[in-house]
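Colleague: Pasting in a structure now, in structure tokens, and then I'll have a few things to ask.
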Amino acid sequence: MSSIPRASALKLASAAHDMGAEALRGTLEQNESGRWAVGYIEVESWLSRHAGQELVLAVAAIDRETPMAYMRTCRTCGNEHEGRTCPHCEAVRRRLRGG
């Protein structure tokens with residue numbers, strides 16, 4: 001599995017929380033008793049609360065090398081983008097100006 005940027009992982013966790021789902025964030029480690037934990041929460045006991053339910057489980061490894069990018073929402077078209085200008089609107093402006 002490849003790593004994803006930290007901003008994308010945090011956005012995924014935030015979206016899950018906004019929809020009423022649960023998300024864990026932390027380092028996955030195996031403790032002395034052989035049980036898996038994310039941060040201080042044991043994964044097995046956390047999952048046992050949902051026994052018998054159909055689940056979607058998403059795991060995203062965070063790329064620690066990629067700097068956290070600030071995402072903006074364009075006030076014109078509504079697209080999310082990084083940087084100062086929306087690439088979609090900039091391309092439309094260039095095309096309309098004959099560029």
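The values are calculated or read from the model by the stated rules, or taken from the named source; none is laboratory data. Fair warning: this is a prediction, and the values are worked out from it, not measured in the lab. Virtual Cβ from ideal backbone geometry, glycine too; neighbours counted across all protein chains shown. For accessibility, only protein heavy atoms count, side chains too; no ligands or nucleic acids. Shrake-Rupley method; radii C 1.70, N 1.55, O 1.52, S 1.80 Å.
Colleague: Averaged over every viewing direction, what's the projected area of the C-alpha convex hull for the chain? Give it in nm², one decimal, please. All intermediate terms of the calculation are to be shown ahead of the outcome.
Modeller: Values: hull surface 39.2 nm².
That works out to 9.8 nm².
Colleague: I'd like the orientation of helix 87-96 relative to the chain: the angle between its Cα long axis and the longest Cα principal axis, in ° from 0 to 90, rounded to 10.
Modeller: Relative to the chain, helix 87-96 is tipped by roughly 20 degrees.
Colleague: What angle, in degrees between 0 and 90 and rounded to the nearest 10, separates the Cα long axis of helix 6-18 from the longest principal axis of the Cα atoms of the chain?
Modeller: Its long axis makes an angle of about 70 degrees.
Colleague: Do you know the relative contact order of the chain, to the nearest whole percent, from alpha carbon pairs under 8 angstrom that are 6+ apart? Write down the numbers at each step before the final one.
Modeller: Details: 83 pairs, mean separation 25.9, N = 99.
Relative contact order of the chain: 26 percent.
Colleague: Same structure, new question: Report, to the nearest whole %, how much of the accessible area of the chain belongs to carbon and sulfur atoms, 1.4 Å probe, protein only. List each step's numbers first, then the result.
Modeller: Working: 4280 of 8300 Å².
In the chain, the share of accessible area belonging to carbon and sulfur is 52 percent.
Colleague: Let me ask another. Which order do HIS88, HIS50, HIS81 take by accessible area at a 1.4 Å probe, largest first?
Modeller: Numbers: HIS88 95, HIS50 45, HIS81 15 Å².
Descending accessible area places them as HIS88, HIS50, HIS81.
Colleague: Still on this structure, I have one more. ³J(HN,Hα) across the stretch 46-60 via Karplus (A = 6.51, B = -1.76, C = 1.60, θ = phi - 60°), whole Hz, x for Gly/Pro?
Modeller: Once rounded to whole Hz, the list reads 5, 6, 5, 5, 10, 4, x, 9, 6, 10, 10, 10, 10, 10, 10.
Colleague: Right, here's the next one. Within the stretch 27-64, report the trypsin sites (Lys or Arg not before Pro) that DSSP leaves as loop and that have at most 10 other Cβ atoms within 10 Å.
Modeller: Details: sites: ARG35, ARG49, ARG64; in loops: ARG35, ARG49, ARG64.
Here the sparse-neighbourhood loop sites are ARG49, ARG64.
Colleague: Still on this model: Scanning the chain for GluC sites (Glu not before Pro) in DSSP loops with at most 16 other Cβ atoms within 10 Å, what's the longest stretch left with none? Please report the intermediate quantities before stating the final value.
Modeller: Values: sites that count: GLU22, GLU32, GLU54, GLU65.
The segment 66-99 is the longest one with no such site.
Colleague: Next question, about the same structure. How much accessible area per residue does the chain have, counting only protein heavy atoms and a probe of 1.4 Å, in square angstrom? Mind dumping the intermediate values first?
Modeller: Working: 8300 Å² over 99 residues.
Per residue, the chain has an accessible area of 84 Å².
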